[in-house]
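The values are calculated or read from the model by the stated rules, or taken from the named source; none is laboratory data. Keep in mind it's a predicted model, so treat the numbers as computed, not measured. Every residue, glycine as well, gets a Cβ built from its backbone with ideal geometry; the counts of neighbours run over all protein chains shown.
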Amino acid sequence: MPSHILEAGKQVLYVLEKAGYTAYFVGGYVRDTLLGRPVHDLDIATSARPDEVVALFARTIPTGLAHGTVTVLQDGVPLEVTTFRTEAGYADHRRPDEVRFVSDIAEDLARRDFTINAMALDLRGDVVDPFGGRQDLHDRIVRAVGKADERFAEDALRMLRCLRFASQLGFSIDPYTYEAIRRHAQDIHYVAVERISSEWNKALDGPYPERIVTGILHTGLASAMPGFCQLFEDKYDLTDKEQKQICAVNGVVPRWAYLFLICNRETEVERILRALRCEKKVIRACQQITNIARKLHNSHTAGERMRWILEHGFEALYEAASLYAIIYENETTAKEIERLYESMRIKVLQDLAVNGAELQTEMNRKGGPWIRDLLLTLALEVNEERIENERQALLLRARMILNEDT
């Protein structure tokens, strides 16, 4: 975290304390600071009521006054300051029906999800830890605050967050907390798909991706979530080999592609990822990797590989080949593709001495898919040393190809 953000946060705590209120850093900042991990969020909790916070600072934004949150602009840095509160009633399994402001930080921490997130840190570095969060950090355990059944009934997304923290941090899950997830798994349908996707992708991108996959399979969450119920329809666990393999795959999209391939669902990428409201670029990238990996698994020629490099780009083909190597334990394919790429005179279509616009003009034809197909054919012939990469020679060959097709 940039030092100016932390300094702005400390200044907010100082102003609140000087005015006679108590104030703390809370949540992920405290957890990650104690773990020595990079910090990304800085949230502040205080005994001051929202109107009192507004009165103390020159620039504020009423972000969520009903829930006690005011955004303070301190030295140009926006910081969320929330009044200590308790919550009650969660009819929609997401938001509290009732919020009550309190003056005790321990009461505020009691409403939080897990012990490792239910700690507060003051200006002097003293930690408020009423639920044993520091010990759980030491023991590498994710444990619900209080009764796990109540925490998950309040916000069903917490079940997936629990698995996400275990996946990101490499922690185990407290047995009582884990069993509560299994009991409440079906309640995940109350959660918006976008929130599910966000938690899942964070976990899948972590250092222990096998934990989120086995977690949703073992607890029953997979069968209750849109998209996942189709992807894992015939998959009930990851083998030891698959758990090692997914850890060897780098990046969210390649890990998605890995799951589609081992579940034999590569033809359903678009349908499943659309159900999870994934971005179009993620869907396209995943489709590309799975399609190329499947092509590599089938019988093909060096000329076809060359065409795929020209069509998709070397990076995409190499990424798919690396995934292929992990799944099928064949490291030679990626190396062969790298050597083939290095030998190619035309590595991208832009290397040709003619472009699409020139072809359209010289051939006196309307634009269409034929242009790209013709450029690919010319590039392949140059790479196979059947023709020189020279403008007139390419145009002459282009006319011959078009005449052959008519």
Original post:
Residue check, Asp32 against (1) in a helix (DSSP H, G or I); (2) touching a strand residue (DSSP E or B) at 6+ places or on another chain (Cβ under 9 Å), all met but one. Which one?
Top reply: (2)
**OP:** Scan segment 240-272 for residues that are within 13 Å of the chain's Cα centre (by Cα) and either of a type in the set (A, V, I, L, M, F, W, C) or farther than 18 Å from His312 by Cα (or both) and report the count.
**Re:** 6
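Could you tell me which of the residues Ile326, Ile283 is over 30 Å from Val191 (Cα atoms) and either at pLDDT below 95 or surrounded by 16 or more Cβ atoms within 10 Å (Cβ to Cβ) (or both)? If you could, list the steps in order and put the result at the bottom.
On the way: Ile283 fails: over 30 Å from Val191 (Cα atoms).
The conditions single out Ile326.
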**OP:** Taking the residues in segment 363-406 that are surrounded by fewer than 16 Cβ atoms within 10 Å (Cβ to Cβ) and of a type in the set (Asp, Glu) as candidates, determine which candidate is nearest to the chain's Cα centre (by Cα).
**Re:** Asp373
Subject >> Count of residues meeting criterion [in a loop (DSSP other than H, G, I, E, B) and either in contact with a strand residue (DSSP E or B) (Cβ under 9 Å, 6 or more places away or on another chain) or not assigned by TED's automatic domain parsing to the domain that holds His218 (or both)] in segment 167-191 >> reply: 2
**OP:** Can you run down the residue pairs with Cβ atoms below 9 Å, 6 or more apart or on separate chains, where the first is in segment 166-193 and more than 29 Å from Arg37 (Cα to Cα) and the partner is among the polar types (S, T, N, Q)?
**Re:** Arg182/Thr219; Ala185/Thr219; Ala185/Ser223; Gln186/Ser223
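A quick yes/no check of all residues on (1) buried (at least 21 other Cβ atoms within 10 Å of the Cβ); (2) outside the structural domain of His189 (by TED's automatic domain parsing); (3) at pLDDT 95 or above:
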residue	(1), (2), (3)
Ile212	yes, no, yes
Pro226	no, no, no
Val253	yes, yes, yes
Arg294	no, yes, no
His312	no, yes, no
Ala316	no, yes, no
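Would you be able to say whether some residue in segment 39-54 is of a type in the set (Lys, Arg) and farther than 21 Å from Asp108 by Cα?
Let us first name the residues in segment 39-54 that are of a type in the set (Lys, Arg), namely 49.
When the remaining residues are screened for being farther than 21 Å from Asp108 by Cα, the result is none.
No, segment 39-54 contains no residue that is of a type in the set (Lys, Arg) and farther than 21 Å from Asp108 by Cα.
Starting from residues that are small (Gly, Ala, Ser) and surrounded by fewer than 17 Cβ atoms within 10 Å (Cβ to Cβ), keep the ones in segment 40-68 and report whichever is modelled with the highest pLDDT. Steps first, answer last, please.
Initially, segment 40-68 is screened for residues small (Gly, Ala, Ser), giving 45, 47-48, 55, 58, 64, 66, 68.
Next cut, surrounded by fewer than 17 Cβ atoms within 10 Å (Cβ to Cβ) only: 55, 58, 64, 66.
Values: Ala55: 94, Ala58: 91, Gly64: 82, Ala66: 79.
Looking at residues that are small (Gly, Ala, Ser) and surrounded by fewer than 17 Cβ atoms within 10 Å (Cβ to Cβ), I get Ala55.
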**OP:** Return the pairs, sorted by first residue and then second, in which the second residue is among the β-branched types (Val, Ile, Thr) and in a helix (DSSP H, G or I), the first residue lies in segment 48-71 and is free of Cβ contacts under 8 Å to residues at least 60 places away in the same chain, the beta carbons are less than 8 Å apart, and the residues are 6+ apart or on different chains.
**Re:** Leu56/Val15; Phe57/Val12; Phe57/Val15; Thr60/Val53; Thr60/Val54; Pro62/Val54; Val70/Val53; Val70/Val54
Subject >> Which numbered condition Ala285 fails, given (1) within 20 Å of the chain's Cα centre (by Cα); (2) assigned to a helix (DSSP H, G or I); (3) within 20 Å of Lys235 (Cβ to Cβ); (4) touching a residue at least 24 places away in the same chain (Cβ under 8 Å) >> reply: (3)
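Which of the residues belonging to segment 388-403 are of a type outside the set (Asp, Glu) and closer than 14 Å to Asp351 by Cα? Walk me through it before giving the result.
In the first step, residues of segment 388-403 are kept if they are of a type outside the set (Asp, Glu); the result is 389, 391-403.
Once the filter is applied, which keeps residues that are of a type outside the set (Asp, Glu) and closer than 14 Å to Asp351 by Cα, segment 388-403 yields Asn389, Arg391, Leu394.
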**OP:** Could you please find all residues in segment 234-273 being without any contact (Cβ under 8 Å) to a residue 12 or more places away in the chain and closer than 24 Å to Gln186 by Cβ?
**Re:** none
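Criterion first (surrounded by fewer than 19 Cβ atoms within 10 Å (Cβ to Cβ) and within 17 Å of Val102 (Cα to Cα)) does Arg37 satisfy it?
On the way: surrounded by fewer than 19 Cβ atoms within 10 Å (Cβ to Cβ): yes; within 17 Å of Val102 (Cα to Cα): no.
So Arg37 fails the test.
May I ask you to say which residue of Ile292, Ile346, Ile327, Ile272 is farther than 30 Å from Cys229 by Cβ and β-branched (Val, Ile, Thr)?
On the way: Ile292 fails: farther than 30 Å from Cys229 by Cβ; Ile327 fails: farther than 30 Å from Cys229 by Cβ; Ile272 fails: farther than 30 Å from Cys229 by Cβ.
Testing whether each residue is farther than 30 Å from Cys229 by Cβ and β-branched (Val, Ile, Thr) leaves just Ile346.
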Original post:
Restricting segment 144-165 to residues that are crowded, with 23+ Cβ neighbours inside 10 Å, within 23 Å of the chain's Cα centre (by Cα) and not aromatic (Phe, Trp, Tyr), which is farthest from Leu34 (Cα to Cα)?
Top reply: Ala156
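Quick one: which helices (runs of 4 or more DSSP H) sit completely within segment 295-406 and have at least 3 residues that are out of contact with any helix residue (DSSP H, G or I) (no Cβ under 6 Å at 6 or more places or on another chain) and of a type in the set (Lys, Arg)?
On the way: elements: 302-312, 314-328, 332-343, 356-363, 369-383, 391-405.
Because the criterion is at least 3 residues that are out of contact with any helix residue (DSSP H, G or I) (no Cβ under 6 Å at 6 or more places or on another chain) and of a type in the set (Lys, Arg), the helices (runs of 4 or more DSSP H) in segment 295-406 that meet it are 391-405.
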**OP:** Being farther than 13 Å from Gly125 by Cα and buried (at least 17 other Cβ atoms within 10 Å of the Cβ) is the filter; apply it to segment 18-27 and report the residue that is farthest from the chain's Cα centre (by Cα).
**Re:** Tyr21
